[in-house]
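The structure under discussion appears below in the form of structure tokens.
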Amino acid sequence: MLKHYKIRYYDFKLVLMVITLAVIGIIAVGSAAPSLQNRQIAGFAFGVFLMLVISLFDYSVLLNLYWLAYAFNIVLLVMVIFMGKETSGAQRWLRIAGIQFQPSEVAKIIIILFFAQFICKHREELNTFKYISLCVLLFAIPAGLVFKQPDLSTTIVICLIFCVIMFTGGLSLKVIGGVLAVAVPAFLIFMYLVMQPDQKIINDEHIYQLNRVISFFNREEYSNSLGYQQEYSVMAIGSGQLTGKGYKNNQISSVKNANFIAEQETDFIFAVIGEEFGFVGACAVIVLVSLISIECMFIARRARDIAGTIIAAGTGAMIGFQAFINIGVVTYLLPNTGLPLPFVSYGLTSLVSSFIGIGFVLNVGLQCRTK
């Protein structure tokens with residue numbers, strides 16, 4: 001499984017950007033929730049270790065276990081339904097052998113790896129109705145289990161990742177155009193229907209998530225309930241101005257210090273960075289996330305095979321989409337979905353899973369075409 005690689009092909013630039021972003025996360029978590037900083041550091045160290053180890057293993061060998069990985073993913077997601085720990089109305093956490101983790105975060109990486117190998121083996125048949133349907137079915141099973149938790153935000157992200165996987169896998173533009181011609185009007189009709197009073201489409205299990213969407217489009221009516229966190233996060237970012245109020249400041253006017261924002265160490269960590277480090281700090285995070293995602297796409301273009309292309313593009317899409325949604329929520333550009341900011345938010349499963357994804361991308365880069 002280990003191969004002899006040429007060190008000049010190792011993407012140290014990507015490693016440096018990822019570690020820099022994660023260190024910013026450690027600093028921000030230390031301000032938002034000082035008691036959790038040591039755990040974030042431990043997750044960082046473990047994640048970097050796994051990233052470096054995985055980057056030296058031949059991804060094509062590991063992909064031979066793709067059906068086993070798929071089955072393992074399904075088992076974990078099913079276990080969440082029956083044995084998961086419920087927090088804030090959602091059952092997303094699993095505790096095994098004293099270790100608590102979030103299987104939906106692991107599912108993102110496994111889905112990328114599974115379809116990388118599955119499409120690689122059936123690429124010539126990918127544009128047939130049979131294999132498109134099979135891909136959709138194989139994706140729908142884990143996606144449906146994640147949605148059942150309920151975890152709408154992660155479901156949206158893995159759906160976007162799946163779209164990137166199918167596109168980079170070689171899905172015909174005619175097929176993509178046909179799907180969009182049906183999907184876009186269907187989505188608009190669905191949103192119109194669920195926004196109606198006394199709608200029956202969304203059941204009680206997902207009604208809180210529906211109310212989050214409704215509150216986004218009816219800000220005046222919901223400004224003092226479901227939308228208040230986003231309003232306060234915008235206030236926090238704006239109050240930071242150019243260079244911020246300073247790290248761990250004790251200003252009375254600090255939105256963070258007044259605890260106006262819930263989950264400020266996880267979903268709203270970007271607001272803490274904006275308040276304490278200002279426009280400069282916020283832009284640094286956005287630039288780093290963008291460069292990491294773009295670098296993954298560059299590696300995808302040079303990959304030696306379609307499996308490597310899907311791994312690198314899927315991981316880049318995962319980081320880019322998740323960051324876009326998180327920052328969009330914090331800046332009140334999108335409805336509140338509850339999604340961590342990659343490498344920055346507190347959450348060891350998300351942090352370690354992201355490092356694992358980058359580890360696979362680094363190995364793809366080591367085996368890239370030189371011309």
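The values are calculated or read from the model by the stated rules, or taken from the named source; none is laboratory data. Note that the structure is a prediction, hence the values are computed from the model and not measured. Cβ sites come from the backbone with ideal geometry, for glycine too, and all protein chains shown count toward neighbours. The area values use the complete protein model at the heavy-atom level, side chains included, leaving out ligands, DNA and RNA. Shrake-Rupley method; radii C 1.70, N 1.55, O 1.52, S 1.80 Å.
Might you check whether a residue that is more than 30 Å from residue 126 (Cα to Cα) and either modelled with pLDDT under 80 or in contact with a Pro (Cβ under 8 Å, 6 or more places away or on another chain) (or both) occurs anywhere in the range 175-186?
Scanning the range 175-186, I find no residue that is more than 30 Å from residue 126 (Cα to Cα) and either modelled with pLDDT under 80 or in contact with a Pro (Cβ under 8 Å, 6 or more places away or on another chain) (or both), so the answer is no.
Hey, any hits in the range 82-98 for a residue that's part of a helix (DSSP H, G or I) and either open to solvent by less than 20 Å² (accessible area, probe 1.4 Å) or at pLDDT 95 or above (or both)?
No, the range 82-98 contains no residue that is part of a helix (DSSP H, G or I) and either open to solvent by less than 20 Å² (accessible area, probe 1.4 Å) or at pLDDT 95 or above (or both).
Sort out which residues of the range 163-179 are more than 18 Å from residue 308 (Cβ to Cβ) and surrounded by 11 or more Cβ atoms within 10 Å (Cβ to Cβ), and write them in order of number.
Answer for the range 163-179, where residues must be more than 18 Å from residue 308 (Cβ to Cβ) and surrounded by 11 or more Cβ atoms within 10 Å (Cβ to Cβ): 163, 172, 175, 176, 178, 179.
Spot the failing condition for residue 290; the list is (1) hydroxyl-bearing (Ser, Thr, Tyr); (2) free of Cβ contacts under 8 Å to residues at least 60 places away in the same chain; (3) buried (at least 18 other Cβ atoms within 10 Å of the Cβ); (4) closer than 21 Å to residue 338 by Cα, and only one is missed.
With (1) hydroxyl-bearing (Ser, Thr, Tyr); (2) free of Cβ contacts under 8 Å to residues at least 60 places away in the same chain; (3) buried (at least 18 other Cβ atoms within 10 Å of the Cβ); (4) closer than 21 Å to residue 338 by Cα applied to residue 290, the lone miss is (3).
Return the pair list, or none, for Cβ contacts closer than 8 Å from residues in the range 324-337 that are within 19 Å of residue 284 (Cα to Cα) to residues that are crowded, with 21+ Cβ neighbours inside 10 Å and charged (D, E, K, R), at least 6 apart or on different chains.
Taking only residues 6 or more apart or on different chains, the pairs are 326/267; 329/267; 330/267.
Among the residues that make up the range 338-359, is at least one of them farther than 30 Å from residue 237 by Cα, of a type outside the set (D, E, K, R), in contact (Cβ under 8 Å) with a residue 12 or more places away in the chain and part of a loop (DSSP other than H, G, I, E, B)?
no
Which residues, counting only those in the range 262-298, are at pLDDT 95 or above and polar (S, T, N, Q)?
Selection gives 290, 293.
Please verify whether the range 61-78 includes one or more residues that are open to solvent by 20 Å² or more (accessible area, probe 1.4 Å), out of contact with any Leu (no Cβ under 6 Å at 6 or more places or on another chain) and over 28 Å from residue 135 (Cβ atoms).
no
Out of all the residues in the range 137-156, which are open to solvent by 70 Å² or more (accessible area, probe 1.4 Å) and free of Cβ contacts under 8 Å to residues at least 60 places away in the same chain?
Listed by number, the residues that qualify are 137, 147.
Looking only at the range 14-25, how many residues end up being under 13 Å from residue 285 (Cβ atoms) and either open to solvent by 20 Å² or more (accessible area, probe 1.4 Å) or among the β-branched types (Val, Ile, Thr) (or both)? Spell out the reasoning first.
To start, the set of residues in the range 14-25 that are under 13 Å from residue 285 (Cβ atoms) comprises 17-18, 20-25.
Then keep just the ones that are either open to solvent by 20 Å² or more (accessible area, probe 1.4 Å) or among the β-branched types (Val, Ile, Thr) (or both); that gives 17-18, 20, 23-24.
Adding up the residues that qualify gives 5.
Scan the range 1-16 residue by residue and report those that are farther than 18 Å from residue 368 by Cβ and at pLDDT 95 or above.
The one that is farther than 18 Å from residue 368 by Cβ and at pLDDT 95 or above: 16.
Quick one: residue 97 ticks every box in (1) in contact (Cβ under 8 Å) with a residue 40 or more places away in the chain; (2) farther than 25 Å from residue 293 by Cβ bar one, so which box is it?
(1)
Could you list, in sequence order, all residues of the range 187-211 that are at pLDDT below 60 and among the aromatic types (Phe, Trp, Tyr)?
Across the range 187-211, the qualifying residue is only 208.
Taking the range 268-284, which residues are surrounded by fewer than 24 Cβ atoms within 10 Å (Cβ to Cβ) and in contact with a Leu (Cβ under 7 Å, 6 or more places away or on another chain)?
Within the range 268-284, 278, 279, 280 qualify.
Report the residue count in the range 43-60 for those that are open to solvent by 60 Å² or more (accessible area, probe 1.4 Å), in contact (Cβ under 8 Å) with a residue 60 or more places away in the chain and in a helix (DSSP H, G or I).
Count: 2.
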